[in-house]
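Input: a single structure, listed below in C-alpha cells.
The values are calculated or read from the model by the stated rules, or taken from the named source; none is laboratory data. Just so it is clear, the structure is predicted and the values come from calculations on it, not from any experiment. Cβ atoms come from the backbone with ideal geometry, glycine included; neighbour counts cover every protein chain shown.
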Amino acid sequence: MNQTILNKIGITALNSMQLAAREAIVQHKHVLLLSPTGSGKTLAFLLPLLENLNPQSKQVQVLILTPSRELAIQIEQVWKKMSTGYKIICAYGGHDMQEEINSLVEPPAIMVGTPGRIADHLKRRTFDAKSIHIFVFDEFDKSLALGFEADMEYITRVLKPSVQKLFVSATASIAIPAFVEPAEKEVLNFLQHNESSVALDYYLVRSAEKDKVETLYQLLCNLDNKQAFIFCNHREAVERTGTLLAEKGIPNTIFHGGMEQMQREQALIKFRNGTAKYLIATDLAARGLDIPDIEHIIHYHLPVTMPEFTHRNGRTARMHASGHIYLILHDEEQLPKYLDADPIEMNLLANAPKPSASNWATVYINGGKKEKLNKVDIVGLFMQKGKLTKEELGLIVVKDHNSFVAVKKNKLASLLKLVQPEKIKGKKFLILEAK
C-alpha cells in the first residue's frame, strides 16, 4: 500500500480489518465486511479499489451505494483526500441533477450515491454502466431498512452479472437479498473482535412523567457541560424536543430526514465545531456521519431493534475510548429485551447548574470550492481584515458552494463588520452568522 496515500489520510498503517479486506478485495472476491462503526470501513474498501482501477478506462469502473447523502459525501471526501488522480462523483436526492449530469460529461472512475438517485441516472442513461466491475453496498442493511430494495434490485439487474460485489455493514443480523447475493462470498466478521476493547457504561434514568423533556433537561445539567448526542425515534419528537430544550435555555441543533440538505449539513457542522453542544436526531444520524467521537449518548426514546441501538452507541467509545450510554425511561416502561447490560440507576442532582452556552459561533460564506475558495483564503481574510487571532478561529469547512467557519462568539459582531465589505480573490461574497 502506498505510504504517501496513508499519510494524506492521516494514518501510519492499516488495522487488521483493513488488511484482511484489502487482501480479499484485491483478489477479486465477493466480500461481506462486518465491522463496528468508527473502525475504518470506508478506507477498508476504498484503498483496495484503487489497486483494481484501470488507468486507461474512460468510463465508470466502480459504483458505491449508500443509504444517506451524508455517507455518500463522506466517502467522496475521503477519496478526494487520498489524491489518487482518479475522479469521483457524488449523486443524491436534493442535489442539483443537471449539475450531476454535467459532471458526467467526463465520466468518473468512481460513482457514489444513494439508490434512488443512482437508479434515476441509470434510467436516464447519463453514464455507461457496462464498464463497472466493482459494486459496493455500504451500510446495505440501512438501505434495506429505508425502503431502497426496489432501486437496489433495479441497479443490480442493469450491471453485468460478473461484477464483483462488496457488502459493508456494522450489523450482522441482516440477510443479503437473493437478487444480489453471490453464490459464494468471503465473510470478514470483525464485530466480535472489538467488544473487549470497547468500554461502555450504561445508565438508567427514570422519568416520573411520560413527557421526558424535564428529565432530559436535568440529565444535561448533570453532564458537566460536555457534548451529547440525543436520539429520538421520530422526526416530530426531534423537533419538539429541540424546541422545548431551547425554551429552557439550552441551545441545540437537530437532524432528521425531513430537513433540507443544507439544513442537515449546517446542523452537523455546528455540532462538529462546538457551536452546538447537543445534537438531537433520528436514527439517520446513527452511522456514516463525519463527526467526532462523543462521550455521551442519550436514548430519549429506545429503538425497536438491537441493531439500531448498537449503531447509536457506535457514535461513542471509538478507537478504544470509553463512552456513557443513558436510557431515559418512564416509570412504567421496561428495559428492552435486547439489552444484555445491567444499567446503573442514575440519581440526578436536582440543583445541578444549567450548561453554559458555547463560546463558539458559526459564520456562513456563500462560496466554496466551485468558486475557487479554500481554507487559506478564509484564514487570510478573517485574520488580516477581521483581526482574529489563531486561537479565535476554529474549524473551517469548505464545501462545493458554501463555507462554514467557527469563530469565538465574543468576536462575531466585530468580525462581520470588518469582513462583510471585503472581497476574496476580487469577488464579493455574502458573509453572515449561520442560523
Residues of the stretch 68-95 being among the aromatic types (F, W, Y) and either surrounded by 22 or more Cβ atoms within 10 Å (Cβ to Cβ) or closer than 24 Å to A267 by Cβ (or both), in sequence order, are W79, Y92
Here is a list: M152, M111. Which entry is touching a residue at least 12 places away in the same chain (Cβ under 8 Å) and either touching a strand residue (DSSP E or B) at 6+ places or on another chain (Cβ under 6 Å) or under 30 Å from G323 (Cα atoms) (or both)? M111
Only one residue in G249, G242 is more than 24 Å from P67 (Cα to Cα), out of contact with any Gly (no Cβ under 6 Å at 6 or more places or on another chain) and without any contact (Cβ under 8 Å) to a residue 40 or more places away in the chain, so which one is that? G242
Starting from the stretch 28-50, take each residue that is within 16 Å of S16 (Cβ to Cβ) and list its partners that are acidic (D, E), counting only C-beta distances under 8 angstrom and pairs at least six apart or across chains. V31/E186; G38/D293; K41/D138; F45/D138
Which of the numbered conditions does P292 fail, given that it passes all the others? Conditions: (1) surrounded by 19 or more Cβ atoms within 10 Å (Cβ to Cβ); (2) under 18 Å from the mean Cα position of the chain (by Cα); (3) free of Cβ contacts under 8 Å to residues at least 40 places away in the same chain. (1)
Within the stretch 155-186, considering residues that are among the hydrophobic types (A, V, I, L, M, F, W, C), touching a residue at least 60 places away in the same chain (Cβ under 8 Å) and more than 18 Å from I132 (Cβ to Cβ), the one surrounded by the most Cβ atoms within 10 Å (Cβ to Cβ): A170
Take the residues in the stretch 384-427 that are free of Cβ contacts under 8 Å to residues at least 40 places away in the same chain and among the acidic types (D, E), then tell me which one is farthest from A357 (Cα to Cα). D400
A careful count of residues in the stretch 49-67 that are surrounded by fewer than 22 Cβ atoms within 10 Å (Cβ to Cβ) and in contact with a helix residue (DSSP H, G or I) (Cβ under 7 Å, 6 or more places away or on another chain) gives 2
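Y326 - would you say it is assigned by TED's automatic domain parsing to the domain that holds E214 and among the aromatic types (F, W, Y)?
In short, yes.
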Per the filter on the stretch 296-337, residues modelled with pLDDT under 90 and acidic (D, E) are E308, D331, E332
So which residues in the stretch 221-238 are surrounded by fewer than 16 Cβ atoms within 10 Å (Cβ to Cβ) and touching a Gly at 6+ places or on another chain (Cβ under 6 Å), if there are any at all? none
